[in-house]
1. Charges at C-beta only: +1 for Lys and Arg, -1 for Asp and Glu. How large is the resulting dipole of the chain about its Cα centre, in Debye rounded to 20?
2. What net charge do the residues around Gly81 carry, taking every other residue with its C-beta under 11 Å from that of Gly81, with Lys and Arg at +1 and Asp and Glu at -1?
3. What does DSSP give for the chain in terms of the percent of beta bridges that are antiparallel, rounded to the nearest 5?
4. Could you check which residue among Leu63, Leu55, Leu194 shows the biggest mean-square fluctuation in a GNM of the chain with a 10 Å Cα cutoff?
5. Which value, in debye to the nearest 20, describes the size of the charge dipole of region 8-63 about its Cα centre when Lys and Arg Cβ atoms bear +1, Asp and Glu Cβ atoms bear -1, and nothing else is charged?
6. Whole number please: convex hull volume per residue, Cα atoms of region 79-152, in Å³.
7. Report, in deg cm²/dmol and to the nearest 500, the calculated mean residue ellipticity at 222 nm for the chain, where each DSSP H run with n ≥ 4 adds -39500 (n - 2.57) and the sum is divided by the residue count.
8. Which value results when the Cα radius of gyration for the chain is divided by 2.2 N^0.38 Å?
Amino acid sequence: MSELPSGLDQALSAVAGELGMASASWVFVRAVARCSGDEGVSQLVEKVGPEFVVLDAVARAWLAGEREPKTDASKVVEAIGKATRVVVVGLEVDWLDRLLDKLHADVKVAIVTHSGFPVDWQRVLDNYAGRIERVDLDTFQHWAGGKSALLTFAYGRAEDARAAVLPLWLRACGADVRAQFRSLVAWNVLPSPLDLYPRRLVEVDADETFTHFV
């Protein structure tokens, strides 16, 4: 079998900015599997996995028989409960799309437009036709209140309750912020804990950090 092309790490960085790391990883794994089968996915693990641990986890899940991400938003909607405003910290379009499908149209949604990857945020938001508003680290607290929820994406949870999240979560969710939102929700987008050190992520105690871990 031929070797995978070079430059996949740069391509993944570009796509991850506007889709999210897990969403982009599924795109790449599917494409490689379609062209090169499981042998190609194994190459992807070896060549790109050490640099992109989320892709490593998705590719290993594929090799174990997973063919689709688990994006059912029902339990997340339950965790959000009666909140009328939701602020999203981080971006995973496969999961965010399913959440918007489930949320009542009256629930207002905003996303903190900050990322460790280059992102054309206007292009991202245009895909949602006004359904998602734009906030930043200086303004998202204007959405706080007893009927507001703060939602982020988690990347695996270990047996000791440690979970990997974006560094942005630590910047957004200090002790003062926790008291301002009704719910702090983490939506786990990986089928299993990370096998490698969580580069580009930070670990937190899920039980202490979130009111709901889905």
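Read-outs: derived from the displayed coordinates by stated rules, not from any lab. In this text the structure is predicted, and so the values were computed from the model without any measurement. Here the Cβ positions follow ideal geometry from the backbone for every residue, glycine too, while neighbour counts run over all protein chains shown.
1. Details: 23 positive and 30 negative charges, 141 e Å.
In total the dipole reaches around 680 debye.
2. Computed value for this residue: +2.
3. The antiparallel proportion sits near 20 percent.
4. Leu63
5. Working: 4 positive and 7 negative charges, 33 e Å.
The dipole of region 8-63 has a size of about 160 debye.
6. Looking at region 79-152, the number lands at 91 Å³ per residue.
7. Numbers: 9 runs with 87 residues, N = 214.
Result for the chain: -12000 deg cm²/dmol, rounded to the nearest 500.
8. Here the answer is 1.01, to two decimals.
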